[in-house]
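*Asks:* Could you have a look at this structure, given as structure tokens, before my questions?
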Amino acid sequence: MIVGYARVSTTGQSLAVQQDELAKHGCERIFEDKATGTNRDRPGLTEMLGFVREGDMIVVSRLDRFARSLSDLFQMLDTLTAKGVAFQCLHQSIDTGTSTGKLTLAILGAVAEFENDLRKERQREGIAKAKASGTYKGRKPNIDLAMLHDLKDAGLGPSAIARQMGINRQSVYRLLNV
């Protein structure tokens, strides 16, 4: 069975382009996620990895839609290989059923991780420069502060408030000036 996987980083983005590509490639079932690549909680990916069986092939449009990092990529590919599942990436023309495909995958994975590291480094430098000049204010919280204070007044602790609001516990401490 040919199985597809599509992922976009935010809920505002559309999966349609990837879904069309995967359908044209003959995917009989397509699993999807709307989550950043760095997010470990990707239910569609988890479901797909549990769904595939020996002889199946997983197809993705681009490598960065599948794995968070090079080590993550190789860990998932090891899992797939152990299950007898092949992997194919359409845009990078990778097919793990061939030796050349495996080599290409390793090289592209290393380049992608290198580019990601460079992007993070530039971002950190830009933030440091903005902080030094006093122009960096950070991201504005998209949090209902009234609800946060109501939950605190109701006797909930920071951990319970964080769970209820779907935010990080440290954010609760920061916003409550605890």
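No lab work stands behind these numbers, since they all come straight from the coordinates. None of the values given here were measured: they were computed from a predicted structure. In this analysis, Cβ positions are derived from the backbone assuming ideal geometry, glycine residues included, and neighbour counts consider all displayed protein chains.
*Asks:* Among Thr104, Ile167, Gln18, which residue has its Cα positioned farthest towards the positive end of the charge dipole of the chain, with +1 placed on the Cβ of Lys and Arg, -1 on the Cβ of Asp and Glu, and the dipole taken about the Cα centre?
*Replies:* Of the options given, the answer is Ile167.
*Asks:* With +1 on each Lys and Arg Cβ and -1 on each Asp and Glu Cβ, and nothing else charged, work out how big the dipole of the chain is about its Cα centre, in Debye to the nearest 20.
*Replies:* Numbers: 25 positive and 21 negative charges, 172 e Å.
That gives the chain a dipole magnitude of about 820 debye.
*Asks:* Exposure proxy check: Phe51, Phe66 ranked by fewest other beta carbons within 10 Å?
*Replies:* Least to most surrounded, the residues fall as Phe51, Phe66.
*Asks:* Please compute the Kirkwood hydrodynamic radius of the range 1-104 from all pairs of different C-alpha atoms, in Å with one decimal.
*Replies:* One decimal place: 13.6 Å for the Kirkwood radius.
*Asks:* Would you work out the relative contact order for the chain, in percent, from Cα pairs under 8 angstrom that are 6 or more residues apart?
*Replies:* This gives 15 percent for the chain.
*Asks:* On to the next question. So what's the angle, to the nearest 10 degrees on a 0 to 90 scale, between helix 70-83 and the longest Cα principal axis of the chain?
*Replies:* 50 degrees
*Asks:* Still on this structure, please answer the following. From the backbone phi of the range 108-119, what are the Karplus-calculated ³J(HN,Hα) couplings (6.51 cos²θ - 1.76 cosθ + 1.60, θ = phi - 60°) in whole Hz, Gly and Pro given as x?
*Replies:* Taking θ as phi minus 60°, the curve returns 5, x, 5, 5, 4, 5, 4, 4, 5, 5, 4, 4 Hz for the range 108-119.
*Asks:* For Lys34, go through the lysines and keep the ones whose alpha-carbon is under 23 Å away, minus same-chain ones fewer than eight residues off.
*Replies:* Partners found: Lys24, Lys120, Lys140.
*Asks:* State the Cα centre-to-centre distance between the range 13-47 and the range 82-107 in whole Å.
*Replies:* Value for the Cα centre distance between the two parts: 18 Å.
*Asks:* Compute a Gaussian network model of the chain, connecting alpha carbons closer than 10 Å, and tell me which residue from Ala82, Ala162, Ala130 fluctuates the most.
*Replies:* Ala162
*Asks:* Starting with the fewest neighbours, write out Ile58, Ile167, Ile161 ranked by other beta-carbon atoms found within 10 Å of each beta-carbon. If you can, show how the numbers build up before the last one.
*Replies:* Numbers: Ile58 26, Ile167 16, Ile161 23.
Fewest-to-most ranking of Ile58, Ile167, Ile161: Ile167, Ile161, Ile58.
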